[in-house]
Amino acid sequence: MGTDVNPKLKEMLKELHELAHQIQEERNRGEPSLLNLQKVHDKIQQEGKAIADAQAEAQLLQQAIDKIAEIKSYRNKTVTEPKVPVMRRGVLMSMVHKDAANLPLWKASTRYEKPPPLCGCLQADSSYIVPKGKYVAALVKGSEGEDNWILAEVVSFNSTTGKYDVDDIDSEEGRERHILSKKRVIALPLYKADPILQKECLYPVMTTIMALYPQTTCFYKGVIHSLPKDSEDHYQILFEDTSYPDGYSPPLKVAQRYVIPFLE
């Protein structure tokens, strides 16, 4: 058998060998370029991460700038709209006592003139609107949802809704405002009654009433123990108090200004 390789095949094998040699040479020559390309790729990735980190930092910086602007705006607001200062307890109680002491004594101009509404125990007509700035007894909701009668100051009356805006004069946060219907507001007396000349303007003994408990700004249920003896004297009130054996406190003095009818 012939062992000679086909000349054509031999030529093709030679060409393949040369190509393989060229490929190896080209690979050797291109390897540094490939390494450089890989380095460039890695660098691009690093630069991309750096850009993402910078963008995240820029976002946080913008949030910080926005927060600074918010703080400045809040500080400017607190400067331009100062909070109503809380009145010291002693000053508040002194003001309450002074208000009662300054209540004018009603005097008739003629022997036939009758005492007006809000003289002593005489109540105002249902159409009466308490003027702005006057004190009232106001029935408000407490922190736990309970009803409390408090001493409040009238801010305004809305004739459309029939409701008062009143401020609690003894709120720990300054003036606390309440919007109340007329039935939750009781006008306080505008005149003291003379116990000698206008006995009909005083609550009879043992009448159930509400009165401002001494050294507080809250009205509580009680009964009349004794009447004022003169225009400078006060009622003696027995306040309901379950801490006492008979369910009532000892007699406590309350000015005519702060004794009002009891409402069921």
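Checking (i) 1.03; (ii) 1.30; (iii) 1.75 against Rg/Rh (Cα atoms, Kirkwood Rh) calculated from these atoms, the matching label is (iii). Between the residues Val185, Phe157, Leu197, the greatest Cα displacement towards the positive end of the dipole of region 128-241, with unit charges on the Cβ of Lys, Arg, Asp and Glu, is found for Phe157. Of the solvent-accessible surface of the chain, computed with a 1.4 Å probe and all protein chains present, 56% belongs to carbon and sulfur. For the chain, the per residue solvent-accessible surface stands at 70 Å², with DNA, RNA and ligands left out and a 1.4 Å probe. What angle do you read, to the nearest 10 degrees and between 0 and 90, between the alpha-carbon axis of helix 7-80 and the longest principal axis of the chain? It works out to around 10 degrees. Just checking the listed ones, Asp53, Asp246, Asp230: in the Gaussian network model of the chain with Cα springs under 10 Å, the one fluctuating most is Asp53.
Ranked from largest to smallest solvent-accessible area, with a 1.4 Å probe on the protein heavy atoms, Arg89, Arg29, Arg257 come out as Arg29, Arg89, Arg257.
When only the Cβ of Lys, Arg, Asp and Glu is charged (+1, +1, -1, -1), the dipole of the chain relative to its Cα centre reaches about 1120 debye. So how much accessible area does Leu263 have, in Å² to the nearest 10, using a 1.4 Å probe? In the full protein context, Leu263 sits at about 80 Å².
When the Gaussian network model of the chain links Cα atoms closer than 10 Å, the mean-square fluctuations of Ala101, Ala138, Ala64 top out at Ala64. Select from Met206, Met12, Met93 the residue whose mean-square fluctuation is largest in a Gaussian network model of the chain (Cα-Cα springs shorter than 10 Å). Greatest mean-square fluctuation among the candidates belongs to Met12.
The values are calculated or read from the model by the stated rules, or taken from the named source; none is laboratory data. Computed from a predicted model, the values in this text were never measured in an experiment. We place every Cβ from the backbone using ideal geometry, glycine too, and count neighbours over all the protein chains shown. Surface accessibility is based on the protein's heavy atoms, side chains included, excluding ligands, DNA and RNA. Shrake-Rupley method; radii C 1.70, N 1.55, O 1.52, S 1.80 Å.
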